[in-house]
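All remarks here apply to the structure that follows.
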Amino acid sequence: MHNNNLSPIPFYSSTAEQGFKKWYAYGEHTPLRVSRNYFLPFFFYHSGGTSSPSVSSVAFFDECGNSVSVSSTYTNAIKNGIATYTNGGGVTFYFTKTSSSMTLPLGFYYIRVNVSVGGTTYSYYSDLFQVCEATVNTRECVEVKWYDAEDVKITDGGVIPFAHQAASTYYYNQLYLETEVGMPEYSFTEEGEDRDGYFFPVKQISEKVYKMTFLATEEMCDCLRLACQSDVLKITDHNSKVYSVNHFEMNVTWLDNGYFAQVDVSFETDTVVKKVGKAYGTINSR
């Protein structure tokens, strides 16, 4: 998955591959947000074949690569939330939100996950993320959460492990976006026929479409595009209002520096109203 990130938090085999270190990033920080109370779900594929793996350690680093002392409660909660399973020739690791209450200082970090397989230790490094106050009760961001009933197969032979669990919770994808659900747009379409100079509608449909705009990196766009294809997609706004989405579209426009894109999203919920036929005649006498 070197050219296609499908995890909410991207992982690499070295820190040199981290997105914010690209030459055209010009030192800009990624807009990838993580709640200070709950870590984002993630998954990655590792080397070592089908041998039984184990997660030996999880460590935090600041944006400059300095080791950060983090509560063992936090690191253990992440470590205990990682599960493994064999799929063909490799093993997938992933993390789901645990029930543990964790507190991480606000700021920019990345993590290193060490995986031991067959006596060999492999290190994997996340992309840079920002810890913010994106909690359930105090929202700085809009939460987007999506998942499928079954694993999603990827063309490189791997899968997104939606049908598997860690910490008694099924895996799902989730992102916190620095935006707001904006003013909706309305559209109206109708089908019918002309008869003796009058138009008789056969079917009428009115739609309400919500909008939101935010900045994202290539890796975030890679991951979020699968929301369009998911079985279940939920968006939660700043007021903890949940939208169960049945149609989702995103348009990506790269800004001048090429590292950030402006992403314009439109989505529909259960606000579509359809009417078949139209009454005429005596109803006017009411």
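Any read-out appearing in this document is the output of simple, stated calculations on the displayed coordinates, not a laboratory observation. Remember, predicted model here, so these are calculated numbers, not experimental data. When we count neighbours, we look across all protein chains shown, and the Cβ atoms used for this are built from the backbone with ideal geometry, even at glycine.
Miscellaneous remarks
- Options PHE248, MET212, THR271, ranked by Cα towards positive dipole end of the range 201-277, top entry (Cβ charges): THR271
- Sorted by Cβ neighbour density within 10 Å, fewest at the top, the residues ILE235, ILE82: ILE82, ILE235
- By the count of neighbouring beta-carbon atoms within 10 Å, fewest first, ARG33, ARG112 end up ordered ARG112, ARG33.
- Descending semi-axes in whole angstrom, ellipsoid equivalent of the range 204-261, from the Cα gyration tensor: 24, 14, 13
- Packing-based exposure ordering (other Cβ within 10 Å, fewest first) of MET220, MET212: MET212, MET220
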